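Bear in mind these aren't lab numbers, they're just calculated from the coordinates by the rules spelled out. As the structure is a prediction and not an experimental result, all values here were calculated from the model. Ideal geometry is used to build each Cβ from the backbone, glycine not excepted, and the neighbour counts take in all protein chains shown.
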Amino acid sequence: MSKRYDFAVIGAGAFGAWTAYFLRRAGASVILLDAYGPANSRASSGGETRVIRMGYGPDELYTRWAMRSLQLWQAFSERIGKKVFYKTGVLWLGNDADQHLKSLVQVLGNVAVPLETLTSNDVKKRWPQLRFDDVTWGILEPESGLLLARSSVQALVTDLIHSGVEYREAAVLPPQTAGKVATVKTSAGDYISAATFIYASGPWLPKIFPELLRERIFPTRQEVFFLGTPQGSRQFKPPQMPVWLHRTHPDLPYALPDIENRGFKIAFDRHGDAFDPDSGPRVIPSASIDRLRAYLKRYIPELENEPIVETRVCQYENTWNGDFLIDRHPEHENVWIAGGGSGHGFKHGPAVGEYLSARILNDGPGEPRFALEAKQTIRQRAVY
Ligand SMILES: Cc1cc2nc3c(=O)[nH]c(=O)nc-3n(C[C@H](O)[C@H](O)[C@H](O)COP(=O)(O)OP(=O)(O)OC[C@H]3O[C@@H](n4cnc5c(N)ncnc54)[C@H](O)[C@@H]3O)c2cc1C
């Protein structure tokens, strides 16, 4: 007889690993499975770094979740003795018409997150290496910054294994029976038996549950560039360079300073084309490089001719408006789905895990915005 776990968590990205953490901490027996390994290069939680910011425009829910998550990331970092957070500051750059930034100031004021409001001259003086001629004001979140992505998730999974979670590399198939599920099968033909199953399978969710999620989670191709910086220059490393988000530009560029000498990271937050996380090509076409060079020429001329030292193609797993999807499967009462990180989910991994474990273990309250029934099939991004 194979072992029966309290929980099987399918997917060891930021959402699944943090969910396994909270379930295990409550004393449950947990198996965590991943088809390619924690924070692998196809996963949305792969790669070097992620922004952690408190500002979400008018959206206090995600502001509060980011605040809570930062505490939990930091507590984790202290407990295991590994740096996972860099307090680089996060700089928002907007113009006078930017309602999102105006609401952000209000919300961060209400919840007592420190911020500095800056004029365009302040921005120019403090960061002369950036030439944002279309920006009229900015906001700095001095206590925010970036998280290490792959290495933090992998450290968390190692920590889970030490705490008694069983980790297995296996691709889990969708439930094969109707109603309550007793076992799920892996692609290798093994059976996993558990009281509750949690599919935290990121951009793979619409492939696992096509009927339910094909029209509710839309994976999009997102390109990331790392630029070499000039010899001996510290201009693109903290503390001289914060994370920044250039909101006045239609492609929504954002950048993270050079951490661990990997290069200055820059990407465009505008949603790309539809993308298959298993087989989608992860090589950058020359048109994208031309677009990047044109951007650098205007806004960061010092980097215009610096080499691209690394590129990545990752995918967002967008819901219709950017709200997460965390809910019970409508046809299987002991199967849960956690995903729809929508390009902003990494930072919230701890809050997702805390919320979902409380929902399942203590019948905690459900946030209507995360419910399956709140998910529409049109695409109208609203969470930034
Ligand atoms: C380019 C880019 C930039 C981003 N920037 C930010 C940012 O700055 N800040 C931020 O907070 N967020 C950011 N995000 C979003 C964030 O990274 C994601 O929302 C988050 O990592 C999603 O985590 P996840 O655990 O849901 O999914 P994933 O990390 O994809 O994890 C899902 C896991 O499930 C596994 N899996 C899939 N199918 C199966 C199966 N059948 N059986 C077993 N295992 C399976 C996969 O191998 C994978 O490891 C960004 C994302 C990208 C792509």
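Which residue, LEU118, ILE208, ILE161, has the largest displacement toward the positive end of the dipole of segment 108-260 when charges sit on each Cβ (Lys, Arg +1; Asp, Glu -1)?
Most positive-ward Cα: ILE208.
Positive end of the dipole of the chain, charges at C-beta (+1 Lys, Arg; -1 Asp, Glu), about the Cα centre: which of PHE346, SER151, ALA188 has its Cα farthest in that direction?
SER151
What is the magnitude of the charge dipole of the chain about its Cα centre, with +1 placed on the Cβ of each Lys and Arg, -1 on the Cβ of each Asp and Glu, and no other charges, expressed in debye to the nearest 20?
460
Projected onto the charge dipole of segment 1-109 (+1 at Lys/Arg Cβ, -1 at Asp/Glu Cβ, origin at the Cα centre), which of LEU104, GLY27, SER45 gives the Cα projection farthest towards the positive end?
Of LEU104, GLY27, SER45, it is GLY27.
Going through the DSSP H helices of the chain, which span 15 Å or more along their own axis at the Cα atoms while scoring at least 1.6 as a mean Kyte-Doolittle hydropathy?
On the way: long enough: 14-25 (17 Å, 0.21); 60-80 (30 Å, -0.41); 99-110 (17 Å, 0.08); 150-162 (18 Å, 0.41); 286-299 (20 Å, -0.67); 349-362 (19 Å, 0.28).
Answer set is empty.
When only Cα pairs under 8 Å and 6 or more residues apart are kept, what is the percent relative contact order across segment 53-165? Mind dumping the intermediate values first?
Values: 142 pairs, mean separation 39.0, N = 113.
Contact order relative to length: 35 percent.
For LYS180, project a label point 7 Å along Cα to C-beta. Then give me every residue of segment 328-344 with its amide nitrogen under 12 Å of that point.
333-335
Give, rounded to the nearest 20 debye, the magnitude of the charge dipole that segment 244-384 has about its Cα centre when Lys and Arg contribute +1 at Cβ and Asp and Glu contribute -1 at Cβ.
Numbers: 17 positive and 21 negative charges, 102 e Å.
Charge dipole of segment 244-384: 480 debye, to the nearest 20.
Can you spot the lysines whose alpha carbon is less than 29 Å from LYS125's alpha carbon? Ignore those fewer than 8 places along the same chain.
In chain and number order, the partners are LYS87, LYS102, LYS237, LYS265, LYS297.
Rounded to the nearest 20 Debye, what is the dipole magnitude of segment 82-135 about its Cα centre when Lys and Arg each give +1 and Asp and Glu each give -1 at the C-beta?
Numbers: 8 positive and 6 negative charges, 95 e Å.
Magnitude of the dipole: close to 460 debye.
Quick one: LEU212, LEU33, LEU146, fewest Cβ neighbours within 10 Å first, how do they rank? Provide the component values of the computation, followed by the final result.
Numbers: LEU212 18, LEU33 22, LEU146 26.
Lowest count first: LEU212, LEU33, LEU146.
If packing is taken as the average number of other Cβ atoms within 10 Å across a peptide's residues, how do 292-301, 279-288 rank, most packed first? Write out the running numbers ahead of the final one.
On the way: 292-301: 16.4, 279-288: 11.2.
Per-residue Cβ counts within 10 Å, averaged per peptide and sorted highest first, yield 292-301, 279-288.
Which whole-number percentage describes the relative contact order of segment 237-384, with Cα contacts under 8 Å and a sequence gap of 6 or more?
Working: 164 pairs, mean separation 24.3, N = 148.
Relative contact order, segment 237-384: 16 percent.
Name the residues whose placed amide hydrogens come within less than 5 Å of the amide hydrogen of TYR5, ignoring near sequence neighbours (fewer than 5 apart) on the same chain.
Result for TYR5 returns SER193, ALA194, ALA195.
Give me ARG379, ARG216 sorted ascending by neighbouring Cβ count inside 10 Å, so fewest comes first.
By the 10 Å Cβ count, ascending: ARG379, ARG216.
What are the ³J(HN,Hα) values, in whole Hz, obtained from phi via the Karplus relation 6.51 cos²θ - 1.76 cosθ + 1.60 with θ = phi - 60°, for each residue of segment 268-274 in sequence order, with x given for Gly and Pro?
Values, residue by residue: 10, 7, 4, 5, x, 6, 4 Hz.
Which ³J(HN,Hα) values, rounded to whole Hz and listed in residue order, are derived for segment 329-334 from phi using the Karplus coefficients 6.51, -1.76 and 1.60 in 6.51 cos²θ - 1.76 cosθ + 1.60 with θ = phi - 60°, glycine and proline given as x?
Along segment 329-334, the couplings run 5, x, 9, 9, 5, 10 Hz.
With θ taken as phi - 60° and the coefficients 6.51, -1.76 and 1.60, list the Karplus ³J(HN,Hα) couplings across segment 137-144 in order, rounded to whole Hz; mark glycine and proline as x.
7, x, 10, 10, 9, x, 8, 9
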